[in-house]
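The structure under discussion appears below in the form of structure tokens.
Each value in this text was obtained by applying a stated rule to the coordinates, not by laboratory testing. What you see is a predicted model; the values in this text were computed from it and never measured. Neighbour counts are summed over all protein chains in view; Cβ atoms, including those assigned to glycine, are modelled from backbone coordinates with ideal geometry.
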Amino acid sequence: MMNVLTAQNVDDYPELMEKVWRFRHKQFVERLGWKELRSDDGREMDRFDTDDAIHLVVTSGDNIVGYTRLLRTSRPHLLSDVYPEIMEGNDWPRADNIYEWTRCISDDRAAKFGDVQASHVLITGVLEFCLVSGIKGMIVETHPKLVTWMLETGYKVETLNMPQVINDVPVVPVYIGATRAALERHHQMFGIRSSVLAIDDELVNPVVGSGLLWRVPGLAANSSGQTGFLPEVDFVSMRETSGGKPN
């Protein structure tokens, strides 16, 4: 299941958050080689890990098997403060209900949840959270081939500028809309038959700052129970948050 951690409840999970920092270092620095993020204490944190950040953590037992972070684009985020030059002076969607999707990774050795890969739970959980919280869409800075993956999995993708090279890797900024149709496509493709979110009781919606997070009704896989073509999530290509600068 995917745990939703916000400023309201993050202090209730100190051990989990400690695991988050170490998971990020292990995955991004040690596995993917983002050397600019290396730290002596084995914990990967940056200046965007503020109270406004939303942490989505996929756990299996006591272990973290997937993680991502969402940053509000009306406040400082990677595209605005680390590498705005990839937009070449062009603007991009920014609003309280548009977030930047960053630090997305799953453990490549993680066991499946039944027949469902941890990476698919992670990706589906992000989209489900967008719908339950009222996030209209997300900006992502990623490898161009991940855009093909997004299209295959049902996202409506708007390319915001031509790919730019960061640390010898092509990076393209895109905007993706969060839609019920895309979530249903995820469920059908990945064989997910119910919500993947674990939401604390009384957790206030962090996007609007009031009201509780709701559930998307009627989530189910295709009636045949058979999954379709499963495009693999190539996290090695998702260098959107390495940036090549201290962040």
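Data overview
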quantity	calculated
Residue range of the chain that is longest and free of chymotrypsin sites (Phe, Trp or Tyr not before Pro) which are both DSSP loop and sparsely packed (at most 14 other C-beta within 10 Å)	1-213
Separation between Cα centres of region 124-177 and region 49-81, rounded to whole Å	15 Å
Prolate/oblate/rounded call for region 96-173, Cα gyration tensor, a/c under 1.5 rounded	oblate
Neighbour cut-off at most 12 other Cβ (10 Å), DSSP loop, GluC sites (Glu not before Pro), region 1-103	E88
Convex hull volume of the chain per residue (C-alpha atoms, cubic angstrom)	116 Å³
Simple Cβ-charge dipole of the chain, Lys/Arg +1 and Asp/Glu -1, about Cα centre, in debye nearest 20	520 debye
